[in-house]
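> Before I ask anything, here is the structure I am working with.
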2 protein chains.
Amino acid sequence: MTEITLTTFEWLPEFPRGYVRDIRIRWALEEAGLAYTVKGVPFKDRSNDHFQHQPFGQVPWLSEGDISIFESGAAVLHVAEKSEKLMQSDPKGRSEVIKWLFAALNSVEAASLPWFIFQFSGDDKETEGGNAINSFLASRLTHMEDVLAEREWLTHRFSAADIVMVDVFRVIDRFDGLDDHPNCRDYMQRGEDRPAFKKAFADQMAFFAEADIRMCGSDDS
Amino acid sequence: MTEITLTTFEWLPEFPRGYVRDIRIRWALEEAGLAYTVKGVPFKDRSNDHFQHQPFGQVPWLSEGDISIFESGAAVLHVAEKSEKLMQSDPKGRSEVIKWLFAALNSVEAASLPWFIFQFSGDDKETEGGNAINSFLASRLTHMEDVLAEREWLTHRFSAADIVMVDVFRVIDRFDGLDDHPNCRDYMQRGEDRPAFKKAFADQMAFFAEADIRMCGSDDS
């Protein structure tokens, strides 16, 4: 079996730790029980090789033989194709997982990302633009609140789609955006309670903590 | 072979016509040469059945037998799995198409959608929030400009990923957002020049034009 390598930044400031998107792929790999190694690339000086793997200069990407996949959604889907635990094999079950995987990214994260960017722009005045961005997220969460009133996971059992949706919710919850959406928060908590999530989270935190030690222990850093 | 049905709004105001996301699925089906029927659902009164198919109350969705897929990206991927024209069958080629399909949605549209929402919020003052939203899109387009300097399509030949990326660019270009990104605009134009796109566009416009006639001819509308 070809080795799977997950590439992330070799070091990052404290703030994004625990929320770097490699956690989605770590989590998927842990659920699937697949072996993998984690590699770091520089956070500050991004090489041409980095842009070859990730054209927007971000992380993570997943490599397996001559395959290199950026976009956390595409990488999670790639892992899911390897494991019944993450993706049903019948056409209907498969289509359910895939549509919810896209929904997590393109219906929910597409609304939470601008909300996050807006919050951190330093713009604290009430403006039409800010209200429009807030309403966009609120509308998506209200619909998700209805969806999650009826079910434990997005499809009839835990799948790759839940990994991405839970992680999208985690960032919203970090900035109190789930306060009015208890079903969404409970669902997120169910995800975070899974042993594979806990392992992925602890591993990401440890990876960057080791980088701190390496950097502090070196004379030329 | 099970019949494919594409569901969109039965009628819409003029403004979004030509840009409703069913065009992505129409285009994919036209490229693949697959037969399909188009069904309309009410734009104003959205039924419970509508939310069963599309939990955010939007369109489109694609149905085939007992499968129902919302999210344009998931529906285009579903069509692509049926046709060599839209998706290579070897694992590496397949992974390239899928990662760029996700990138079109989650790296580019995730930046263009808030930009669009912000522009239409009526907020015409320069604010930190607005600048952050503008910079987010500009950064993504600058990277895409580099990517498209070297290639005709996102992968080594036209694929499902180009359908979504070109359509994401179309909305940006409609509001002059590609003015500083000639490679992006040329790429978009190559997409719009394809006969399958032209057919999909004309069909969407005709579908809503027929609804106008139907509504004007009715006493109770």
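> Using a 10 angstrom Cβ neighbour count of at most 16 plus a DSSP loop assignment to flag exposed chymotrypsin sites (Phe, Trp or Tyr not before Pro), which longest range of chain A is free of such sites?
Result for the longest clean stretch: A:44-119.
> Hey, another quick one. Between B:T2 and B:K125, what is the spin-label point distance in nm, taking each point 7 Å from the Cα along the Cα→C-beta axis?
Modelled inter-label distance: 5.4 nm.
> In the range B:112-221, what GluC sites (Glu not before Pro) fall in a loop by DSSP, with at most 14 other Cβ atoms inside 10 Å?
Here the sparse-neighbourhood loop sites are B:E126, B:E150, B:E152.
> If one puts a single equal scatterer on every Cα of the range B:1-102 and applies the Debye formula without solvent, what log₁₀ I(q)/I(0) results at q = 0.13, 0.14, 0.23 Å⁻¹?
Once normalised to I(0) and log-transformed, intensities are -0.48, -0.56, -1.26.
> Still on this model: Could you give the radius of gyration (one decimal) and Dmax (whole number) of the Cα atoms in the protein assembly as shown, in Å?
21.6, 84
> Are there GluC sites (Glu not before Pro) in the range B:1-72 that DSSP puts in a loop and that have at most 15 other Cβ atoms within 10 Å, and which ones?
B:E3, B:E14
> Now a separate question. If I take R0 = 35 Å and measure r between the Cβ atoms of B:I213 and B:Y19 in this structure, what FRET efficiency does the formula 1/(1 + (r/R0)^6) give, to the nearest 0.05?
Using R0 = 35 Å, I get an efficiency of 0.95.
> With viscosity set to 0.890 mPa s and temperature to 25 °C, compute the Stokes-Einstein D of chain B, Rh being the Kirkwood radius across alpha carbon pairs; µm²/s, no decimals.
Approximately 133 µm²/s, per Stokes-Einstein.
> In terms of modelled amide H atoms, which long-range or inter-chain residues lie less than 5 Å from the amide H of B:F43?
Here B:E10, B:W11 satisfy the definition.
> How about the range A:116-221: which trypsin sites (Lys or Arg not before Pro) there are in a DSSP loop, with at most 13 other Cβ atoms within 10 Å of their Cβ? Write down the numbers at each step before the final one.
Working: sites: A:K125, A:R140, A:R151, A:R157, A:R170, A:R174, A:R185, A:R190, A:K198, A:K199, A:R214; in loops: A:K125, A:R151, A:R157.
Of the trypsin sites (Lys or Arg not before Pro), the ones in loops of the range A:116-221 whose Cβ has at most 13 other Cβ atoms within 10 Å are A:K125, A:R151, A:R157.
> Ignoring everything except DSSP H segments at least 4 long, calculate the 222 nm mean residue ellipticity for chain A; use -39,500 (n - 2.57) per segment, divide by total residues, nearest 500.
Helices in chain A give a 222 nm mean residue ellipticity of -17000 deg cm²/dmol.
> Need one number: % antiparallel among DSSP beta bridges in the range B:1-91, to the nearest 5. Don't skip to the answer; put the middle values down first.
Numbers: 8 of 13 bridges.
About 60 percent, rounded to the nearest 5.
> Only helices at least 27 Å long along their own axis, judged from Cα atoms, and with Kyte-Doolittle mean hydropathy of -1.0 or greater: name those in chain B from DSSP H.
B:128-149, B:195-216
> What is the percent of Cα-Cα separations in the range B:2-46 that go past 14 Å? Please list the in-between numbers first.
Values: 530 of 990 pairs.
Within the range B:2-46, distances greater than 14 Å cover 54 percent of Cα pairs.
> I've got another one for you. May I ask which of B:K99/B:K198; A:K82/B:K39; A:K125/A:K198; A:K39/A:K92; B:K44/B:K82 have a Cα-Cα span longer than 28 Å here? All intermediate terms of the calculation are to be shown ahead of the outcome.
Numbers: B:K99/B:K198 26 Å; A:K82/B:K39 36 Å; A:K125/A:K198 38 Å; A:K39/A:K92 36 Å; B:K44/B:K82 34 Å.
Over 28 Å apart, Cα to Cα: A:K82/B:K39; A:K125/A:K198; A:K39/A:K92; B:K44/B:K82.
> How large is the translational diffusion coefficient of the range A:144-221 in µm² per second when you combine the Kirkwood radius over alpha carbon pairs with Stokes-Einstein at 25 °C and 0.890 mPa s?
In µm²/s, the coefficient rounds to 171.
> Just the Kirkwood number for the range B:91-194, please: inverse of mean 1/r across all distinct Cα pairs, in Å, one decimal.
Kirkwood hydrodynamic radius for the range B:91-194: 14.1 Å.
No lab work stands behind these numbers, since they all come straight from the coordinates. Being a predicted model, the structure only gives us computed values, none of them experimental. Note that we place each Cβ from the backbone using ideal geometry, even for glycine, and neighbour counts take in every protein chain shown.
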